[in-house]
Structures are given as C-alpha cells and as structure tokens.
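The values are calculated or read from the model by the stated rules, or taken from the named source; none is laboratory data. Predicted, not measured: the structure shown is a model, and the values here were computed from it. Note that we place each Cβ from the backbone using ideal geometry, even for glycine, and neighbour counts take in every protein chain shown.
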C-alpha cells in the first residue's frame, strides 16, 4: 500500500501552481497587443477630463445604462438658435435694375392740331389742316369734335367745260364732325431697345357736315388711328379717315369717298 501522506503533498503543490499559470496566461506575449475587453463589459467613466474618442462637447449625448448606473450628458455651452435665424443658403448674384414705368395719363380732356392730305373724289388732292377737341369717357371710349379745311379743284373739268364747275378753279372745303372712338389695342411702342412709350390703336366713326361751293352735305366719317404718348400730357397722333357724302356733279347725285391721311400732336389736360 502506497504512502498516503506523499500523495497529499503532491496534490497541494499542483493546486498552488494553478493560479500562477492562469495569471501568466492572461499576460500578452512580447510584441503582441493586449486583448481588448469584452463589448458587454461596463466601463466606468473617468474621474476627471474627457476620455479619448468621446463625442464633442457641443453634441448632445443621450444618457445610457452602464451597469446599474446612468451616465449623465456632458455640459455644453451651445445655445439654441432662435426661430427664423437660419442663414440664407443661396444668395442671388443678379443685380436688380431700376425700371421706370410710364403711366397712362389720367387727364380726361384733349386738344390737338393736325395736318396732312385730303383727296376729294373728282376734285383732286390738297393740303388739309385742322383741330380737335376730345373727352375721354373711360379708358376705352372717348368722344371728339373735329374741324378741318382743305381745297377742292375743278381743273380737270375746265379742260373739257369752259368755265368749269366752280366759280373759281379752287374752292374751300370745310368739314365739321362729331365722333366716337374706341381704344381697341392699348399697349406700348418700343423705340430702340431701352425705351418704351405707351400707345393706343383705336377705331373712330361719326357724323358731320361738309361745306363746298356754298352747299352743305351730310357727312359720315370712319377710320382708324394710333397715338403714342411722349409724356403724360402730350402725344403724337396719326389718323386715316374716309369722309363719305353725296355730291352733285354735272347734275347727277353721287356718293363720294374722300380719303384723309393726317398726323398731329395732342395735349391732355
């Protein structure tokens, strides 16, 4: 039978060497990095200072569990931005230019003068001049009274008939008309590329009287025109009108078409 005391001594020696071997196994070998701690092992926060790899102080850190304790967020000096204080992301780089808007004149009355040519059917073409007085009822409609004067000549008849038709070769022709106008196309006229003027294209028609060779004839006139405003109180005006009346030529009544083309200036007040 073996000695039991000797086996007790060997067993105690083996049990005493086990903790030494376990601590030696935990030490890293030379040239090898230390074994990282387990991810689920809680790490106690440092006593003072900010640990390396932590979040910046201005970022909000939510508290999280560390073991049985809660980690408070670090203090921050960042103040909340007031509402509406956001910075503009895109800044415009185009400079705004100043545009001068021409206003349509608010004056209701107008007075104008004109001149041009008047073609009297069967009695030649001559210079015409006259004046007009108008009133603008609305922005679209207006009324005017017109006076014009020209000459009619029977020179071509004198080559056939001795003494001609009129007492003299030229007779004064005068007309008076009252018209109504309609601005059908208000807009602008561009002069070069940087200047624009207010304009209006209109239709006009009316009734009146034409005096020729001491006789008066009922007259209907109709036409179109355009005015361009140079200022709020003055405008250039061009007109094309047809004066229609009945005339006795060589004992025969006939309806004549008498065309007038004129231009002038109009003042508003």
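Take residue 173 and decide whether it is part of a strand (DSSP E or B) and closer than 23 Å to residue 236 by Cβ. Here the answer is no, as residue 173 does not meet what is asked. Total residues in region 111-124 satisfying the condition of being at pLDDT 95 or above and either surrounded by fewer than 21 Cβ atoms within 10 Å (Cβ to Cβ) or under 26 Å from residue 229 (Cβ atoms) (or both): the figure is 8.
On inspection, residue 142 does not qualify as on the phi < 0 side of the Ramachandran plot, surrounded by fewer than 16 Cβ atoms within 10 Å (Cβ to Cβ) and touching a strand residue (DSSP E or B) at 6+ places or on another chain (Cβ under 8 Å). For region 242-263, the criterion of a residue being over 29 Å from residue 168 (Cβ atoms) and either assigned to a strand (DSSP E or B) or under 30 Å from the mean Cα position of the chain (by Cα) (or both) is satisfied by at least one position.
Please go through region 186-199 and pick out each residue that is over 19 Å from residue 110 (Cα atoms) and either in contact with a strand residue (DSSP E or B) (Cβ under 6 Å, 6 or more places away or on another chain) or surrounded by 16 or more Cβ atoms within 10 Å (Cβ to Cβ) (or both). Hits for region 186-199 are 187, 188, 189, 190, 196. Can you pull out every residue in region 186-198 that is at pLDDT 90 or above and either under 24 Å from residue 220 (Cα atoms) or not in a strand (DSSP E or B) (or both)? Once the filter is applied, which keeps residues that are at pLDDT 90 or above and either under 24 Å from residue 220 (Cα atoms) or not in a strand (DSSP E or B) (or both), region 186-198 yields nothing.
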